[in-house]
Amino acid sequence: MTFLGALLIGTGVGILTGMFGVGGGFLITPLLNVLLGIPMPIAVGTGAMQILGVSTAGLYRRRKENLTDYKMALVLFGGNFVGVRLGAATLGWLGSLGNLSVHGEQVPAVEFIVLWIFFVLLAAIAAWLWYDTSRNKEEESAQVGLFAHIHIPPYTDFPTLDHPRLSLVVMSYFGLALGFLTGLLGIGGGVILVPALIYLVGMRTHRAAATSLALIWLSSFVATITHSLRGNTDLLLAIPLLLGGSAGLQLGVNLCSKLGGAQLRRYFTFVVLAAMLMVAAKLGSFIF
C-alpha cells in the first residue's frame, strides 16, 4: 500500500511539475506525512530526492522550448546553496526538540512546527494568487516586478525580462530565502518561485514555469546530498515516487503548452488551496 500510495503521489506531482514548473515538494512532503505516515524528516529528504529526478526529466522535456533563463537560475543559486544548508540544519535542530504536548497528546515538535509553516506559506500564496487572477482575467501584458523598483548596486541585466536591470544583492537574498525553504521543508521552491518570478522579478508565466525548473534542479541536487548525509532519505520510497513522476511529467508538459498564462495562474491557485486544506486537516487532528 505504501508503494502504491507513493506511485500515485509521484504521478500527480509529475503532472504539476510539467504544467506549472513546480517541483511538487509542497505536496510530496505533507502527503507522505499525512497519508502514508512517513516521519517528517524522511518525508522532507525523500521529497527532495524525488524532486531532483522529476525536475531532471522536466528540463530534458523542455530543452527545445527556449524558455528557460539559465542566467537567472545561476544568479539565484548563489544564495540558494547557502540557504539549503541553513534550512537542513534548522530541520535537524527542530528534530532534536523531541515532543510537544498539544491538548494532552504528545506530538513530534518537528512535525507540528513544519506543518504550521506549510499552512501559513500556502495560505499566503493562495490568497495573493486568487486576488491577482480575480482582478486580471486577460492574458498577461508587459510585466514589471517589485524587484525592479529596488535600487541596490551592483546590478545585472536579464534580457528575458521586460525590465531587464535588477539588483544582484536583492536576487542573491531572494535565492537564499528560497534555499532555506528547500532545506527546511523539502520543497523545490517552485510553489514560491513561480509566482515570485512573475510578480517580484517580472517574468512572464510560461518563462517563469520553465526557469523555475532549472533552479529547482540545482537546489534539489544540493538538498538531496545534504539530507542523504543526515540520513533523511529512503531510496525504496523514492523509487515509486520517481516512476510515477516521470509518467505524469509528460502529461503535464503537454497540458501546459495548451493553456494561457492566466489559466495557468488560476489552476495553480486551486492546487495550492488543496494542499493548504490537507495540511489544515492534519493540524486539526492534532489540535482537536
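The values are calculated or read from the model by the stated rules, or taken from the named source; none is laboratory data. Quantities reported herein were computed from a predicted structural model and do not represent experimental measurements. Positions of Cβ are generated from backbone atoms using ideal geometry, with glycine treated the same way; all protein chains shown enter the neighbour counts.
Quick notes
- Hey, residue 122 in contact (Cβ under 8 Å) with a residue 12 or more places away in the chain, in a helix (DSSP H, G or I) and on the phi < 0 side of the Ramachandran plot or not: yes
- When we screen 32, 16 for residues that are aliphatic (A, V, I, L, M), at pLDDT 85 or above, buried (at least 24 other Cβ atoms within 10 Å of the Cβ) and assigned to a helix (DSSP H, G or I), the only hit is 32.
- Residue count for the range 60-96 satisfying the condition of being surrounded by fewer than 15 Cβ atoms within 10 Å (Cβ to Cβ) and farther than 16 Å from residue 179 by Cα: 8.
- In the set (1) buried (at least 23 other Cβ atoms within 10 Å of the Cβ); (2) free of Cβ contacts under 8 Å to residues at least 60 places away in the same chain, residue 229 fails one condition alone, (1).
- Filtering the range 141-167 to residues that are surrounded by 14 or more Cβ atoms within 10 Å (Cβ to Cβ), among the aliphatic types (A, V, I, L, M) and either without any contact (Cβ under 8 Å) to a residue 40 or more places away in the chain or assigned to a helix (DSSP H, G or I) (or both) leaves 148, 166.
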